[in-house]
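In what follows, a structure is listed as structure tokens, so that the remarks can point back to it.
The values are calculated or read from the model by the stated rules, or taken from the named source; none is laboratory data. Keep in mind the model is a prediction, meaning the values are calculated, not measured. Cβ: placed from backbone, ideal geometry, glycine included. Neighbour counts: every protein chain shown. SASA here: full protein model, heavy atoms, side chains in, ligands and nucleic acids out. Shrake-Rupley method; radii C 1.70, N 1.55, O 1.52, S 1.80 Å.
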Amino acid sequence: MSDILIVGGGIIGMLTARELSLAGMEVTIIERGEAGHESSWAGGGIISPLYPWRYSDPVSALAKWGQDIYPELIDEINSESGLDAELIQNGLLMLDNEQEEALAWAKKWQVNVQLIDNKEIYELEPGLSHSLVTDNKAIWMPDVRQVRNPRLVKATKKYLLKQGVKFIEQTEATGFLEKSNKIVGIMSTTGDIKAEKVLVAGGAWSANLLKNMDINTSVEPIKGQMILFKTEPGKIKRITLSQDRYVIPRQDGRVLVGSTLEHTGFDKTTTTDAREELMQEAFRIIPSLKEAEVEHHWAGLRPGSKDGVPYICPVHSIEGLYLNAGHYRNGVVLGPASARLAVDLILNRTPILESAEYGLERG
Ligand SMILES: Cc1cc2nc3c(=O)[nH]c(=O)nc-3n(C[C@H](O)[C@H](O)[C@H](O)COP(=O)(O)OP(=O)(O)OC[C@H]3O[C@@H](n4cnc5c(N)ncnc54)[C@H](O)[C@@H]3O)c2cc1C
């Protein structure tokens, strides 16, 4: 019997498993499909919230902690897995009129945010559309990194298997087993599985499972569609954001453009309207993308939550049950701190951050 069962093998479940395993716990991940094939596969992998000043302090605190350790974390995952999650630092260029908010936030959180003029903008991203640049300076965050999601989840899973974390895939948790208000395992589509503790990291689906126990959260699916262009390596250099649409260049010349924000339940289908809209947005930002082929189009379900603040907490009504879910648009950047904080709470260690802000009680 494992010390702890994690329901959900996305990036949040897997990073939590890593922390637990490093602390000497026996960990099993229960995954309905294949680990790392939902939102964590579908995302853009930017190691920063978009317009970070728009988020509340609990999100900024998790992001900052994670950004600081990302290089070390990816080194560990890459070297132990023998794979490459493709962590690169190519900065985030923002062409929206929020300079004052950006500078005030940067001062508070000690983040490197610069305002740059037209000449500097084109030096950084020569492919940028001239129609986008106005008299306003652009916001430039040179330290922002990115990872390549499908590679990150594959490498993390391989690393965890090597660490001795067990994966039970193609198995859906359908309910919890409890005795005298204490968790003793889960019910699943392949039978009951016993454990001392259970942590729910089920992404957008977390609320459904918890509802069975009258545990209410604000977690809901928010669909994001994304398209992928094939271009020459090095042609597009920076992550660029304008009017909530972004362009993310990967190392091999692939360029992601995203993403929609849709409240359409658990439907993951892609639509021709979204594809067309994202293509027009891509051309608006980088006109030369008109010459590139759209190679792929997909959708993922973000685990939306109120103000984008995840639930990282014990469920006080049932001993041994914990949550780590609701990371909305930022699960990759918030994941490392979120995992550490969850495990601090599970093991009664001094938490890395004040934990009350991430509790169920906030609604
Ligand atoms: C288009 C798009 C772009 C994004 N861009 C970024 C970005 O640039 N930077 C960033 O930081 N974040 C980004 N995100 C957000 C980020 O991807 C998510 O916040 C993160 O992946 C959430 O991870 P998770 O593990 O909670 O969820 P998921 O990856 O969805 O994993 C949850 C897992 O739980 C499993 N599961 C659910 N219920 C059960 C059950 N009952 N039994 C067993 N298994 C179950 C699911 O099958 C799934 O595999 C983006 C998301 C999308 C969709």
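Things to note:
- Residue ID - farthest from Leu199 (Cα to Cα), chosen from residues in segment 295-337 that are within 8 Å of the ligand (Cβ to nearest atom), in a strand (DSSP E or B) and open to solvent by less than 10 Å² (accessible area, probe 1.4 Å): Gly300
- Matching entry among Glu86, Glu31 (being outside the structural domain of Arg329 (by TED's automatic domain parsing) and within 14 Å of the ligand (Cβ to nearest atom)): Glu86
- Residues of segment 263-284 satisfying the condition of being open to solvent by less than 40 Å² (accessible area, probe 1.4 Å) and either within 12 Å of the ligand (Cβ to nearest atom) or β-branched (Val, Ile, Thr) (or both): Ala274, Leu278
- Test for Leu256: is it surrounded by 15 or more Cβ atoms within 10 Å (Cβ to Cβ), of a type outside the set (Val, Ile, Thr) and in the same structural domain as Ile116 (by TED's automatic domain parsing): yes
- Here Ser48 meets each of (1) open to solvent by 40 Å² or more (accessible area, probe 1.4 Å); (2) near the ligand (Cβ under 8 Å from one of its atoms); (3) among the hydroxyl-bearing types (Ser, Thr, Tyr) with one exception, condition (1).
- When the strands (runs of 3 or more DSSP E) confined to segment 72-169 are screened for residues that are open to solvent by 30 Å² or more (accessible area, probe 1.4 Å), those reaching at least 3 such residues are found at 166-168.
- Filtered residues of segment 262-272 (kept if free of Cβ contacts under 8 Å to residues at least 40 places away in the same chain and closer than 16 Å to Glu38 by Cα): Thr269
- Which numbered condition Lys194 fails, given (1) surrounded by fewer than 17 Cβ atoms within 10 Å (Cβ to Cβ); (2) within 13 Å of the ligand (Cβ to nearest atom): (2)
- Flag for Lys235 being closer than 25 Å to Ile121 by Cβ, open to solvent by 30 Å² or more (accessible area, probe 1.4 Å) and assigned to a loop (DSSP other than H, G, I, E, B): yes
- No other residue among Ala61, Ala155, Ala85, Ala102 is at pLDDT 95 or above, among the small types (Gly, Ala, Ser) and farther than 26 Å from Ile12 by Cα apart from Ala102.
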